[in-house]
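This report refers to the structure that appears directly beneath it.
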Amino acid sequence: MTRDQIRQVILDILAKIAPDEDLSNLKDDVPFSEQMELDSMDFLDIVMELRKGYRIQIPEEDYQHLTTMESTVTYLEPLLKDVESPAKPAG
Amino acid sequence: MPKDFLKGVRDRYDVVVIGSGLAGLTAANTLARAGYSVLLLEHHYQLGGMATWFKRRHGHIFDISLHGFPYGMVKSCRKYWTQEIADSIVQLKGIRFENPQFSLWTTFNREDFTRILTERFGIPRETVVAFFDAARRMNFYDDQHTTTREFFEQFFPGRDDVVRLLMEPITYANGSSLEDPAITYGIVFSNFMSKGVFTFRGGTDQLIRLMRAEMERNGVEIRIRSLVERIEVDAQRRVRAVWANGRRIACRAVVSNANLKQTILELVGEQHLDRDFVDETRAVRLNSSSCQVYIALKPGDGFDYVGDLLFHSEHRGFDFDAMLSRNISSRTFSFYYPDIRPGSDRYLIVSSTNARYEDWAHLSPEEYRRSKQDLIDTTLDCLEQYVPDIRRRADHVEASTPCTFQRYTRHWRGASFGTKFEGLKVSKELPQQVPGLFHAGSVGIIMSGWLGAVNYGVIVANEVDKYLTPAPVRV
């Protein structure tokens, strides 16, 4: 997947976790938690969705990389480089 | 021949979930949604664990633990259950305190408590703000040695009236005391203070019915009256199977929603575990238990609104030992009005008190019966001031004790709030001792109550999923 495709995967997951949030103006370099109400259970959901959809194992010590959209995409890029982009939103 | 409650159950599943409390139900549902084959086994004839109810003559339905969870339950139910379940959650706005020190009503959220603490109790606003912020900032990784008593003392020295206001409802909600770690208080209190106290419209029976339907849609195999006797592990201590109603069912992983200590010491057995871990498990303190009195008014009769949750006490100051004592001076009344079960015309009251198992477990049958009657009588006497003429108007009255809770949940000592704080560490480390065995249930105070149980079910389901997902092939 390209960086843009990975970004879309994350956006789809966020939309599922927080259906009431408007994600169209999400800034990629600002922490998710400063732009929307995300608690530790929500981050767990992101990790679970990535495992379900793409078999990616994210160890707890790597959760710190999931702070902003930019850092998340950078962290996932090598893990997803050989994975096909989903035809429709993950889930 | 006795009925085979395991009829139709396959010989092998990915995951077997033992027990159907809210943590067990949520773990089962989450894992089934993730695509695993899941078998849920419950020893009792209905699902829910402590999230339960019972029916009596004339159509009365009593809820055991329905009233009072934080707003976070809405989000958790939406994410891990269904929108319909989340949409049935409603606020209880009348939280009431009646004791020798003060008499007040509140919506039990930060805004209203700030008003009460500054106006009624004369606490400077900046102290109140600092207290709320300190409670809010607390998390699991913080200092675990400061007690709740010390935490209160920092902000409200010598103010046992403030301590009572802040502590009584939390003791009702999770059985914790002033000696428990301050972080357990801070986390639970902040959860409530975000928006107040909530309940489930439709009653516990409706909630569990909806959860069952959702589990069935996701393919969970559900069996009641199925008691798990043993968890089978191999020479490498890996989980291989469970034995239930005398039958072996193979599985790759087990989530036990049974009591933590019983899971480890009885279902697995200490011969399969490290000595240190066994000792640590033995040292985990179980939380206290409860007595309840259930009162239903005659069909057609009702009472004016007197609040939803009422913390009544005749004791001066907050005194946990007095709250546990058989000589009851503190009671929490949950008032149920017809609108909680749309279509019903019933008014019911459930009185709850914290209690010690040992005060009830060793009585002769005659003493036990008499003690229960005494509990009922003193409760009705107390209730008279809020619902006049209650004795004449009551259609059905009965009581439960720690022995009742033990019988229906099988928890040692009838523990109705799981374990003290140290139980969380043992619960989390269990899979390192026995690969494939996970525990999800009320532990450590913070993972207790309806919201704690649901969220812990998800956290543990995530660990199970991690364990069962093969590592990706690296090229």
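Coordinate-derived values only; no laboratory data. Just so we're clear, the structure is a prediction, and the values are computed from it rather than from any experiment. Here Cβ is always computed from backbone atoms with ideal geometry, including for glycine, and neighbour counts include all displayed protein chains.
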Study note, to complete from the structure: Relative contact order of chain B (C-alpha contacts under 8 Å, at least 6 apart) in percent is 23
**Study point:** Between 0 and 90°, nearest 10: helix B:203-217 axis offset from chain B longest Cα axis
**Key:** 20
Point to revise | B:Gly94 long-range amide H proximity, modeled H, under 5 Å | key: B:Asp308, B:Leu309
Practice item. Find the centroid of the Cα atoms in the stretch B:219-248 and in the stretch A:1-55, then give the distance between the two in whole Å. Key: 37
Practice item. Just add up the charged neighbours of A:Ser24: K/R +1, D/E -1, any other residue whose Cβ is under 15 Å from the Cβ of A:Ser24. Key: -3
Study note, to complete from the structure: For B:Ala244, the net charge from surrounding residues (Cβ-Cβ under 15 Å; K, R +1; D, E -1) works out to +4
Practice item. Please state the charge dipole magnitude for the protein assembly as shown, taken about the Cα centre, from unit charges on C-beta atoms (+1 on K and R, -1 on D and E), reported in debye and rounded to the nearest 20. Key: 2000
Practice item. Indicate, rounded to the nearest 5 percent, the antiparallel portion of the DSSP beta bridges found entirely in chain B. Key: 70
Exercise for review: Pairs to check: A:Lys27/B:Lys195; A:Lys16/A:Lys52; B:Lys55/B:Lys372; A:Lys52/A:Lys81. Give those whose C-alpha atoms are more than 25 Å from each other in this structure.
Suggested key: A:Lys27/B:Lys195
Exercise for review: When a/c is below 1.5 the answer is rounded, else prolate if a/b is larger than b/c, else oblate, so apply that to the stretch B:137-237 with a ≥ b ≥ c taken from the square roots of the Cα gyration tensor eigenvalues.
Suggested key: oblate
Revision key, fill the gap. So, relative contact order of the stretch B:78-156 in percent, Cα under 8 Å, 6 or more apart, is 14
Exercise for review: State whether the stretch A:3-80 is rounded, prolate or oblate according to the following rule on the C-alpha gyration tensor (a ≥ b ≥ c being the square roots of its eigenvalues): a/c under 1.5 gives rounded; otherwise a/b larger than b/c gives prolate, and the remaining case gives oblate.
Suggested key: rounded
Exercise for review: Add +1 for every Lys or Arg and -1 for every Asp or Glu among the other residues with Cβ under 14 Å from the Cβ of B:Phe156, and state the total.
Suggested key: 0
Revision key, fill the gap. With +1 at each Lys and Arg Cβ and -1 at each Asp and Glu Cβ, the charge dipole magnitude of the stretch B:359-468 around its Cα centre, to the nearest 20 debye, comes out at 300
Check your understanding: With +1 on each Lys and Arg Cβ and -1 on each Asp and Glu Cβ, how big is the dipole of chain B about its Cα centre, in debye rounded to the nearest 20?
Key -> 1580
Exercise for review: Averaging sequence separations of C-alpha pairs under 8 Å and six or more residues apart, then dividing by the length of the stretch A:3-80, give the relative contact order as a whole percent.
Suggested key: 43
Study note, to complete from the structure: For B:Ala244, the residues 5 or more places away or on another chain with a placed amide H closer than 5 Å to its own amide H are B:Glu229, B:Ile249
**Study point:** Theoretical FRET efficiency, 1/(1+(r/R0)^6), r = Cβ-Cβ of A:Leu23 and B:Phe140, R0 22 Å, to 0.05
**Key:** 0.15
Revision key, fill the gap. Per the C-alpha gyration tensor (a ≥ b ≥ c, the square roots of its eigenvalues), chain B is rounded if a/c is under 1.5, else prolate if a/b beats b/c, else oblate; here it's prolate
Study note, to complete from the structure: Along the stretch B:166-177, Karplus-curve 3J(HN,Hα) (6.51, -1.76, 1.60; θ = phi - 60°) to the nearest Hz, with x for Gly and Pro, reads 7, 9, 3, x, 6, 4, 4, 6, 9, x, 7, 10
